[in-house]
Amino acid sequence: MCGIIGICGTDFVAERLIAGLQRLEYRGYDSAGIAVIDHKALHRVRAAGKLENLRQSYASAPIDGLTGIGHTRWATHGGAEEHNAHPHGTEAVALVHNGIIENFHELKATLGDVVWTSETDTEVVVHLLEAELKTGADPERAMIRVLPKLEGAFALLICFRDYPDTLIAARQGSPLAIGQHHGESFIGSDAVALSGLADQVCYLENGDWAVLKPDTIQIFDAANKTVTRDFVANTVQIAGLGKGNYPHAMLKEIHEQPGVIGDTLHSLIDPKTLMINWADYPQSQYLRTPLIQFTACGTAYYATLVAGYWFEQLCRIPIRHEMASEMRYRDIVCPQNSLGIFVSQSGETMDTMEAMRHWQELGGQTTAIVNVPTSSLAREAHHTIPTLAGPEIGVASTKAFTTQLTALHCLAIWMAEQMGSIPKAQAQSMVADLLDLSGKLVAALSIIEDYKIIAKEVLAPASGVFFLGRGLNYPIALEGALKLKEITYMHAEGYPAGEMKHGPIALVSPELPVIFIAPSDRWFSKTFSNIQEVAARDGNLIMLTDQAGTQAVKEHGLDHKVRCITLPDVPETLSPILYSLPVQMLAYETAVCLGRNIDQPRNLAKSVTVE
Ligand code: F6R
């Protein structure tokens, strides 16, 4: 949530801050603003709404300087209005903030006669710092006094009128990356913010704070001792961040899936032996686990639901699924040596992070499946499996989901083979099937007209949509409903097909289309009965299926009642990966018909770093 960026440079910063905010806009777009120091004066420009509004305000009254900070906001405390937009400040201090200062109310009460200009939790930090500066403290001393007073999870970035070559940053929970290039210092919420600015980045650890000058970076830990943090290559390429030749980042990312699933597979598989390549995995610990607990949020949680079927079937281990926001506060039982698998695109989702720490405190082993290899989750997990989806900018997750499925499937095959619950030949044949998938994914993406027609004629005019599936594809029904909700704002529900008759069937009507995710797998005959039940009630039916499923519809004389989207045949275990693509495409094309802002849907932001 919220993106922050700062530059302490030798050249003007305003345009570069705004360009950085554009890269960060996926983290929030309720308002944006920058502050710069010029000739011993602090100037701010802020605007409610999208970054474009800030650009216009900036164009009509430009400001600039050699040091500055910027912010793109996902509102928590206070509405999406200009007076709540960051940077907050006075004549002497300007500050941007990501996260929540939980004790802001109590702190406000300690400040006496302050004129508050916003409803945010952030503004209190400005006044705490200013009060310290008024006592004669320099910025470092002011930070040392203020930081211990702040409770919550946050990242702060501050500039000071009287110290024009200094930026101060602090991290308590929310990430901050720092880079340097050609005698200038840069700081931002993530490596995406710094792409094109710094080739090497280091990450502050929890409790760290830093003083940036153009040519120096000093980092202190929570005890105010100087520390060093390792620099790593910033591999985020600006070129990969845009929309390419597509109208939306989401569509670009949907079409990247055959490639990035292939990249993820090739990082995990030895093509000569057709075996999963995990020589350094701690087999002795993990293979004795009495259960596997999966924990994640949102779309990543649905990936773990699919994985549950794979692990249960292949490894014959008890499985538990937890939503991170619930699990972190549960008095959960962690049998000795139990393996927790934590899945996240960003690796910064606060609930997933805290759930993983909770599991570690209980003595559990942790594996993180993460798309951002430098993220907090990746760094704190005992072991990490990176997904190679590349930066995902579209707010609705697509390629991160299918690469998570790919990595989870590889892990299930590897564990099953190592535990002896499947023979080596079966593991190799499953790996070969995975390697064979990409052509089928391309084929599923090539039937664009099918998605467009159904979106236009059936989904866009509907009052709501039901997604139904069984077994491995029940989580894909959940994911299909989530995608549609996120980018079309239509009501959608995902349900296990077999549960429909226990209540939801009451909703079936021509205005509420029902999308069945129904490959001809072991659940097909059961699902097909449910399809007939809906057809008998004049439901508006769409079926995502394969050749055999389409044939069954014809043979039962249902072709005038059921619209089929026919996908390539895939081995049963891989259908959730393939069938993710049509549900993404249906949501996308429906959002296009409804004229929605697909890459920046209302109320959402990409990375949820608040509770
Ligand atoms: C949905 C979506 C969210 C995320 C969830 C977890 O399209 O993107 O539901 O999946 O917020 O985020 P990560 O995976 O970054 O932990």
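The values are calculated or read from the model by the stated rules, or taken from the named source; none is laboratory data. Because the structure is predicted, anything quoted here is derived from the model rather than measured. Neighbour counts run over all protein chains shown; Cβ positions are idealised from the backbone, glycine included. What goes into the accessible areas is simple: the full protein's heavy atoms, side chains included, and nothing from ligands, DNA or RNA. Shrake-Rupley method; radii C 1.70, N 1.55, O 1.52, S 1.80 Å.
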query = Based on the alpha-carbon gyration tensor of the stretch 242-435 and its eigenvalue square roots a ≥ b ≥ c, which shape applies: rounded if a/c is under 1.5, prolate if not and a/b is larger than b/c, or oblate?
reply = oblate
request  = Grab the Cα-Cα distance for residue 538 and residue 61, subtract it from 0.36 nm times how many residues apart they are, and report the gain in nm with one decimal.
outcome  = 165.7 nm
ask   = Which three lengths, in whole Å and largest first, does the stretch 77-152 cover when its Cα atoms are put on their principal axes?
value = 35, 25, 24
Ellipsoid semi-axes in whole angstrom, largest first, where each is sqrt(5λ) of the Cα gyration tensor of the chain = 45, 28, 21
ask   = Quick one: how many Å² of residue 596 are accessible to a 1.4 Å probe, rounded to 10?
value = 80 Å²
ask   = Hey, got a sec? Which GluC sites (Glu not before Pro) in the stretch 511-573 land in a DSSP loop and have at most 14 other Cβ atoms within 10 Å?
value = 511
remark   = Excluding ligands, DNA and RNA, the carbon-plus-sulfur percentage of the accessible area of the stretch 448-586 with a 1.4 Å probe reads 50 percent
remark   = Here the gain from full extension of residue 522 to residue 109, 0.36 nm per residue of separation minus their alpha-carbon distance, amounts to 142.3 nm
remark   = Sorted list, accessible surface of protein heavy atoms, 1.4 Å probe, largest first, for 162, 38, 230 is 230, 162, 38
remark   = 1/(1 + (r/R0)^6) with r = Cβ-Cβ of residue 529 and residue 456, R0 = 25 Å, i.e. FRET efficiency to nearest 0.05, evaluates to 0.25
Rounded to 10°, Cα long-axis angle of helix 14-24 versus longest principal axis of the chain = 30 degrees
key: Within-13-Å neighbourhood charge of residue 498 [Cβ basis; K, R +1; D, E -1]   = +1
key: Near-label residues of the stretch 120-156 by backbone N, under 20 Å of a point 7 Å along Cα→Cβ of residue 40   = 130, 133-140
note = Under the helix-only model (-39500 (n - 2.57) for each DSSP H run of 4 or more, divided by the residues of the chain), the mean residue ellipticity at 222 nm, to 500 deg cm²/dmol, is -10500 deg cm²/dmol
remark   = Taking every other residue with Cβ under 13 Å from the Cβ of residue 181 and scoring Lys and Arg +1, Asp and Glu -1, one gets -3
query = Can you give me the relative contact order of the chain as a percent, contacts being Cα pairs under 8 Å and 6 or more apart?
reply = 12 percent
note = Largest-first ranking of 209, 523 by accessible area, probe 1.4 Å, whole protein assembly kept, is 523, 209
inquiry  = For a protection proxy built on the mean count of beta-carbon atoms within 10 angstrom, sort 59-69, 374-384, 330-340 highest first, please.
reply    = 374-384, 59-69, 330-340
remark   = Where a ≥ b ≥ c are root eigenvalues of the Cα gyration tensor, a/c under 1.5 meaning rounded, otherwise prolate if a/b exceeds b/c and oblate otherwise, the stretch 205-342 counts as oblate
ask   = Expressed as a whole percentage, what fraction of the accessible surface of the stretch 3-240 belongs to carbon and sulfur atoms when a 1.4 Å probe is rolled over the protein heavy atoms?
value = 49 percent
query = Relative to the longest principal Cα axis of the chain, at what angle does helix 524-536 sit, 0 to 90 degrees, rounded to 10?
reply = 90 degrees
key: the stretch 419-500: C-alpha gyration tensor shape, a/c 1.5 cut-off, then a/b vs b/c   = oblate
ask   = How much accessible surface area, in Å² rounded to 10, belongs to the heavy atoms of residue 574 with a 1.4 Å probe?
value = 0 Å²
request  = Looking at the chain, send over the antiparallel percent of its DSSP beta bridges, to the nearest 5.
outcome  = 65 percent
query = Restricting attention to the stretch 534-570, which trypsin sites (Lys or Arg not before Pro) occupy a DSSP loop and are surrounded by at most 11 other Cβ atoms within 10 Å?
reply = none
Local net charge near residue 65, Cβ-Cβ under 15 Å (Lys/Arg +1, Asp/Glu -1) = -3
For the stretch 446-603, convex hull volume per residue from C-alpha positions, Å³ = 103 Å³
query = Just the accessible area per residue of the chain, please: how many Å² with a 1.4 Å probe?
reply = 37 Å²
query = With axes computed from alpha carbons, what is the tilt in degrees of helix 575-593 against the longest principal axis of the chain, rounded to the nearest 10 within 0 to 90?
reply = 60 degrees
request  = At most 10 other Cβ atoms within 10 Å and a DSSP loop assignment: could you name the GluC sites (Glu not before Pro) in the stretch 1-82 that fit?
outcome  = none
Accessible area of the stretch 267-389 belonging to carbon and sulfur atoms, whole % at 1.4 Å probe = 50 percent
